[in-house]
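The values are calculated or read from the model by the stated rules, or taken from the named source; none is laboratory data. In this text the structure is predicted, and so the values were computed from the model without any measurement. Positions of Cβ are generated from backbone atoms using ideal geometry, with glycine treated the same way; all protein chains shown enter the neighbour counts. With ligands, DNA and RNA removed, areas are computed over all heavy atoms of the protein, side chains included. Shrake-Rupley method; radii C 1.70, N 1.55, O 1.52, S 1.80 Å.
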Amino acid sequence: MKLLKRIYIILIFIFLYAPIVTLMVLSFNASKTRAKWGGFTGKWYFSLLDDSIILQALQNTLLLALLSALIATIIGTVAAISLTGMKKRGRTLLLGITNIPMLNAEIVTGISLMLLFITLKMRLGFTTVLLSHITFNIPYVILSIMPRLKQLNPNTYEAALDLGASPLYAFFKVIFPDILPGVCSGFLMAFTMSLDDFIITHFTKGPGFDTLSTKIYTEVRKGIKPEMYALSTLIFITVLILLILVNFLPNSKNQAGEKKSRKNQA
Amino acid sequence: MNSKSKYLSTPYIFWAVSFILIPLCMIFYYGLTDKTGAFTLENISAMLTAEHSKALLLSLGLSLLSTMICLLLAYPLAMILNGMQVSQHSFIVFIFILPMWMNFLLRTLAWQTLLEKTGVINSVLSFLHLPALNIINTPSAIVLGMVYNFLPFMVLPIYNVLGKIDTNVVNAARDLGANGVQTFWKVILPLSLPGVISGITMVFVPALTTFVISNLLGGSKILLIGNVIEQEFTQASNWHLGSGLSIVLMLFIIVNMALSAIFDKDGEGSML
């Protein structure tokens, strides 16, 4: 039985990671087409550095992800705090609206935003894509902060006020440290979602502006440039190393505490 | 805090109205008018034409099938993961989120390389003297792409809910004489239902509305309803028709959301 379970898990992981390994292998393929193997080479990693189009798309993608995650985190944090303070009916309504971009089909969200921007006569480009990304990122931030806020003891904030702290000071000294893990995971989630988004960007970007995703989509017909495989391999490996460092090195103590509080909640 | 929160929420309410509600109204406006701006239901009823209804039915069929496959694959997986004494909950989440850092389009394209007639999988199969797998550019390849892309959305909610089940409840069932199968059907499955429902929504909606996966793995011949709508906006530029079809699509999404709201009141089955 134990062996069967092992085999099952291994099969699923092969399924999930086979395409990723394939892409990594392709990034070392000397042949330009993905259909055949032309021997091992590292040249795409070097020609990547000279490919200004890909580098521009990379810059757009990262800037978008960073800005949209940052702005969404700020708006989302304030929204989450005000949501917990609201009366039940208003909260349910606003949370319902918040969930729409997450539950709705991305194609519908993308189209609806495109129609809005065009009606407002905004030029489709970086700004419109940024606004769209912020919009679909906010729910992830709110949903990762709300549970933290619910666990807070409201008396500590009141106590800080009574002791003479200004509301803003009290917020940063009392509430913020407690919800910080939620804020961080919300930010990371938003960053990831923005980075991986294609559909909403596709509808709101307009000509002349490209992220990595939209660049890849236009290249599908002509064949993907091998440099693109090299770049994604680099991104993936970087993130893998970063996440391993963050997750498994320093704060195993922290995580044990988190697990406990999760148990208590249940 | 209460008095403050009123104006604290104002910026967000403003944002939500401008970028969530008004855009949705725009879709309804375009969907219910024609090019001259006059009210019409034609864009909605266009879904009934042979071409569009075929695309919708195919989308429904493929997305239901892939949702089922995801559920069947994910539930045992979530149970095994939950049974393993992994000290770090975040490690499991990590493994399923990690593939997202490789671009979604590239990951799906990689399946072309794997599935092609002379691709990796067929080379392995012919080496083992097994019959070749010719599913690229067929609906099967689309289902595979859907399952591949959306499986994590099914695994994580179920895994999270299973982790919250009090082991005492399971032990009590066993003490009272229930065997493994009974415990599963009477205790574990009902308690994990919020996760299952949330997983189904998370997989079904993107699968129903995808145009990318069908484009990349189905050749360009198989049209799903997502492809039809996308083409109305990007190629045919008939926004009214595209919006009308989107409204019909949203009906399915709303039913789906309502179901998940009924079964998962406390948001227990959330992904994180």
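Worth a mention:
- Yes/no for residue B:35 being loosely packed, with under 13 Cβ neighbours inside 10 Å and within 23 Å of residue B:230 (Cα to Cα): yes
- The lone criterion from (1) free of Cβ contacts under 8 Å to residues at least 12 places away in the same chain; (2) farther than 18 Å from residue A:132 by Cβ; (3) among the hydrophobic types (A, V, I, L, M, F, W, C) left unmet by residue A:54 is number (1).
- Members of the stretch B:9-26 found to be more than 28 Å from residue B:244 (Cβ to Cβ) and open to solvent by 60 Å² or more (accessible area, probe 1.4 Å), listed by number: B:10, B:11, B:13, B:14
- Filtering the stretch B:57-70 to residues that are within 13 Å of chain A (Cβ to nearest Cβ) and either under 17 Å from residue B:211 (Cβ atoms) or open to solvent by less than 40 Å² (accessible area, probe 1.4 Å) (or both) leaves B:59, B:63, B:70.
- Qualifying residue in the stretch B:131-146 (condition: in contact (Cβ under 8 Å) with a residue 12 or more places away in the chain, open to solvent by 60 Å² or more (accessible area, probe 1.4 Å) and within 11 Å of chain A (Cβ to nearest Cβ)): no
- Scoring residue B:218 on the criteria (1) open to solvent by less than 20 Å² (accessible area, probe 1.4 Å); (2) free of Cβ contacts under 8 Å to residues at least 24 places away in the same chain; (3) away from chain A (no Cβ under 11 Å); (4) of a type outside the set (A, V, I, L, M) leaves a single failure, condition (2).
- The sole residue among A:239, A:183 that is at pLDDT below 90 and either within 17 Å of the chain's Cα centre (by Cα) or of a type in the set (Gly, Ala, Ser) (or both) is A:239.
- Taken over the stretch A:85-115, the criterion of being farther than 23 Å from residue B:257 by Cα and open to solvent by 10 Å² or more (accessible area, probe 1.4 Å) is satisfied by A:85, A:86, A:87, A:114.
- Within the stretch A:10-30, if we keep just the residues that are farther than 20 Å from residue A:238 by Cβ and open to solvent by less than 20 Å² (accessible area, probe 1.4 Å), the residue that is farthest from the chain's Cα centre (by Cα) turns out to be A:29.
- Flag if residue B:73 is open to solvent by 40 Å² or more (accessible area, probe 1.4 Å) and of a type in the set (A, V, I, L, M, F, W, C): yes
- Residue check, residue A:69 assigned to a helix (DSSP H, G or I), at pLDDT below 95 and under 24 Å from residue A:191 (Cβ atoms): no
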